[in-house]
Amino acid sequence: MDLVSSFTNEVVNKALDGSSMRHTAIASNLANVDTPGYQKKQVSFETQLESAIQIHHNNMTSKNIASNGRPLQMKATQSGHVHDGVVVQDINDVTPQLEETDNQEYRNDGNSVDVETEMVRLARNTQRYIALNNVQGRLMRGTRDVISQTDG
């Protein structure tokens, strides 16, 4: 991989994508708090991201090299066996999943949104997004510094 598209940068970008999608889902939940029958939406991507990181790590270690010299890959033997049916082989396979909660009623009108819970989720997600954005900024500054030092 080249300097600008490092694995770490790709992981941070995927995490930012997932966090952004989660923010949209939480905002939708809050906007529909008074809609009868509305089922809250959630976004999951962390398990996929962790799997991609683990596979990358395994591929970088020599103990996981097959007899043909190629890195060993995980393989799903049954549908739904690995990460809810989403098979992740590398970072490009990580895709945030929007899920609607089924059969969860918070109120008598069938709505499953709890405002307090959603506000906590929003605050937590905002903190993660800001932290990820700071990491991305540091990565970009590091890349800029390396480029500026090699130019002169």
Cβ pairs under 6 Å, 6+ apart or interchain, first in the range 96-121 and under 19 Å from residue 27 (Cα atoms) and in a strand (DSSP E or B), second at pLDDT 85 or above and small (Gly, Ala, Ser), ordered by first then second residue, are 97/44
Within the range 28-40, is there a residue that is out of contact with any Pro (no Cβ under 7 Å at 6 or more places or on another chain), at pLDDT below 85 and assigned to a loop (DSSP other than H, G, I, E, B)? no
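Here's the yes/no breakdown for (1) surrounded by 13 or more Cβ atoms within 10 Å (Cβ to Cβ); (2) at pLDDT 55 or above:
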{"position": "64", "(1), (2)": "yes, no"}
{"position": "78", "(1), (2)": "no, no"}
{"position": "99", "(1), (2)": "yes, yes"}
{"position": "104", "(1), (2)": "yes, yes"}
{"position": "123", "(1), (2)": "no, yes"}
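The values are calculated or read from the model by the stated rules, or taken from the named source; none is laboratory data. Small disclaimer: the values here were computed from a predicted structure and weren't measured. Backbone-built Cβ (ideal geometry, glycine too); neighbour counts: all protein chains shown.
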